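Presented below is the structure to which this report refers.
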Amino acid sequence: MEADERRRLRQEAAEYYRGLRVPERMEEVLNALFPLPPQDLYGELANYFSKFSKAPVICKLVGRKVIDGVGEPTLEVEIYCTVKNYEKRICSSVMATHSQIPENALPETIEADERERNESVYTAVEWVCDSLNTMLRDLDPTDQCQADKILGEYFEEKVEERKEIERQEKEMREEEESGKVTTSPASGHSGATPKQKKGRKSGKKVSEDTPIPPAEPAEPVLCGSLAIGGTSLAIARAGATISRVPLYLYTALLKHKETPKEITLPLPMVTVLYCEKNSPTKLKLVKEVMLIPPVELLLHQPASRAESRRGRGHKAQPGPLKRFSHLGCLITGYDSLEQLLLQLQAACNSLGLELGTDLYLAINCAAHELMDYDRGKYEVLTGTFKSPDEMVAMYVEMIKNFPFITALIDPVRKEDREQWSSICRALGSKCFLIAEDAATQISKLKTDQNINIAMCSGVVLKYINQTTVSDLIELTGILDGQRHISILGSPDRESSDESLVDLAVGLGARFLKLGGLSRGERVAKYNRLLAIEEELAANGALRKPKLEFVDFAEEKPAQLPDVLPAPKKV
């Protein structure tokens with residue numbers, strides 16, 4: 001009986017392995033390896049048979065609270081996959097976040113923001129470890145489209161849940177108020193008069209001749225939405241790891257459905273100065289000053305050229321201690337734009353670099369922070385106010401005098417559509433007019449495919465909250481079709497995750513706005529950009545960028561010269 005049982009088992013085993021072609025493949029690989037005996041025979045056998053193993057699938061998601069670059073809580077998402085019958089940690093992603101709290105916010109506002117942030121991270125961890133962990137189990141991590149579809153549907157369910165809760169709360173409040181009115185009929189009429197008096201008392205009178213459009217309300221952020229963006233990015237990284245390609249190539253493959261033969265690197269916008277809007281100095285117009293290398297140089301060349309030229313002179317002496325921003329750059333203030341540009345020119349000249357030839361400038365005006373709604377004007381200098389139309393004339397004069405300024409970010413508010421159109425028609429062929437805070441949120445861009453302003457050269461996209469990798473792929477395609485450039489921007493509260501750089505390269509962004517060359521979480525991204533450049537150059541796949549200004553008046557592209565006209569001295 002035992003002999004018959006063993007014979008039966010051997011026969012079943014032989015049929016099982018023959019059905020999977022194991023003997024045939026074993027013979028094939030052994031015959032192939034024998035003429036060139038490898039040092040690690042079993043390693044080669046493992047490599048050969050791994051080709052026939054099942055594709056990895058997601059088996060577990062882990063969410064946890066971690067600390068970002070400014071010491072605030074944020075979300076990390078880890079992806080585990082079943083690989084060759086074993087659970088294996090593939091990768092993780094850490095979300096960066098964007099703060100909507102102004103510089104001069106009251107302490108209670110800041111405290112409320114911190115509470116909301118902690119609650120949001122806690123909720124996001126709960127979503128990842130519970131619902132999303134179940135919904136995404138057994139999913140192929142290389143199926144980014146399906147993963148983001150599941151994430152989007154889950155987010156919409158949470159949005160509807162929140163709306164229902166708010167509707168119920170509103171009904172309860174209305175019932176309570178109607179009850180009070182019933183008990184005191186006269187209170188409804190008498191309560192309206194004080195409100196009207198209070199409204200007349202506050203603020204200064206705005207000119208009724210040219211009323212300014214009111215500021216659009218900030219997009220509400222759903223508590224826990226970090227889980228959507230964090231999970232999508234982690235799955236993209238997992239897909240790239242399993243596919244054994246860098247994330248930037250994987251992203252390009254997702255966008256174009258094929259691996260491009262050449263890739264153009266985005267030019268970095270390197271923040272060197274951060275001007276606080278509430279500083280005691282007079283200049284309010286400038287928030288960030290950024291340097292842009294010229295298109296004909298590799299990224300590392302401006303720095304190496306400066307080092308070689310400086311080496312022929314005296315060694316720079318360390319200066320006094322300075323304050324540095326969370327953006328990784330010097331915090332400073334000026335009394336005029338000319339004073340600022342004079343100092344920058346002097347600094348560049350001391351390094352053997354010339355603005356307009358070796359480097360260009362981009363200025364983030366953050367105009368939405370300049371508006372005095374009582375006067376209906378922008379405060380560009382302390383006590384100096386300009387109407388939206390006067391802002392247009394000021395920018396035209398600025399670019400005329402300082403042609404090395406090749407980009408203006410948020411020159412006016414997004415609500416001033418007519419002035420956006422005027423600026424673009426006047427300056428579109430001379431510099432980039434970029435919308436950052438002046439652009440519509442990504443969630444609205446997806447639905448109406450409209451940047452919410454009449455004209456602009458390009459839009460800064462930030463990977464935050466419920467944004468998914470598929471969203472960025474879709475939006476950059478839309479912007480490409482509308483002749484707008486895409487700029488991927490680093491949020492205020494950055495993390496050590498370098499994925500933003502790979503996304504920017506893979507998506508074909510024209511610029512990459514990362515902040516300054518200080519703070520580890522930002523320097524790591526610049527180092528990643530240099531590493532990608534080196535890799536592409538070594539493989540002969542690095543393509544020189546061709547930046548074009550858009551002449552909105554003629555509706556024809558005007559190519560940006562490699563060297564702009566020599567700037568006027570200030």
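What follows draws every value from the coordinates through simple rules; no lab data is involved. Everything numeric here is computed off the predicted structure, so don't read it as measured data. Here Cβ is always computed from backbone atoms with ideal geometry, including for glycine, and neighbour counts include all displayed protein chains.
Quick notes on this one:
- Sites matching trypsin sites (Lys or Arg not before Pro) across the stretch 247-279 that sit in DSSP coil, with at most 12 neighbouring C-beta atoms within 10 Å: LYS257, LYS261
- Amide H contacts under 5 Å for LYS377: ASP372, restricted to partners 5 or more places along the chain or on a different chain, H placed in the peptide plane at 1.01 Å from N.
- Label-point separation, GLU548 to ALA3 (7 Å along Cα→Cβ), nm: 8.6
- Phi-derived couplings, Karplus 6.51 cos²θ - 1.76 cosθ + 1.60 at θ = phi - 60°, listed residue by residue for the stretch 466-478: 8, 4, 10, 4, 5, 4, 5, 4, 5, 5, 5, x, 5 Hz, with x used for Gly and Pro.
- About the Cα centre, charge dipole magnitude for the stretch 317-428 (Lys/Arg +1, Asp/Glu -1 at Cβ), debye: 200
- Segment LYS54-ALA346, extension gain: residue separation times 0.36 nm, minus the distance between their alpha carbons: 98.9 nm
- Evaluated over the stretch 1-131, the Cα radius of gyration and Dmax, each in Å: 27.0, 88
- Annotation: extensible slack from GLU114 through THR134 equals 4.2 nm (criterion: 0.36 nm per residue apart, minus Cα-Cα distance).
- Under a 5 Å amide H cut-off, with hydrogens placed 1.01 Å from N, THR467 pairs with GLY229 among residues at least 5 apart or on other chains.
- Using a cut-off of 18 Å between Cα atoms, the listed pairs LYS430/LYS546; LYS277/LYS525; LYS65/LYS88; LYS462/LYS513 include LYS277/LYS525; LYS65/LYS88 as exceeding that distance.
- Neighbour-limited loop hits for trypsin sites (Lys or Arg not before Pro), the stretch 9-42 (at most 14 other Cβ within 10 Å; DSSP other than H, G, I, E, B): ARG21
- Within straight-line reach of LYS544, meaning a Cα separation under 17 Å, sit the following aspartates and glutamates at least 8 residues removed in sequence or on another chain: GLU262, GLU296, ASP358, GLU533, GLU534, GLU535, ASP562.
- From the C-alpha gyration tensor of the stretch 492-537, square roots of 5λ in Å: 18, 12, 9
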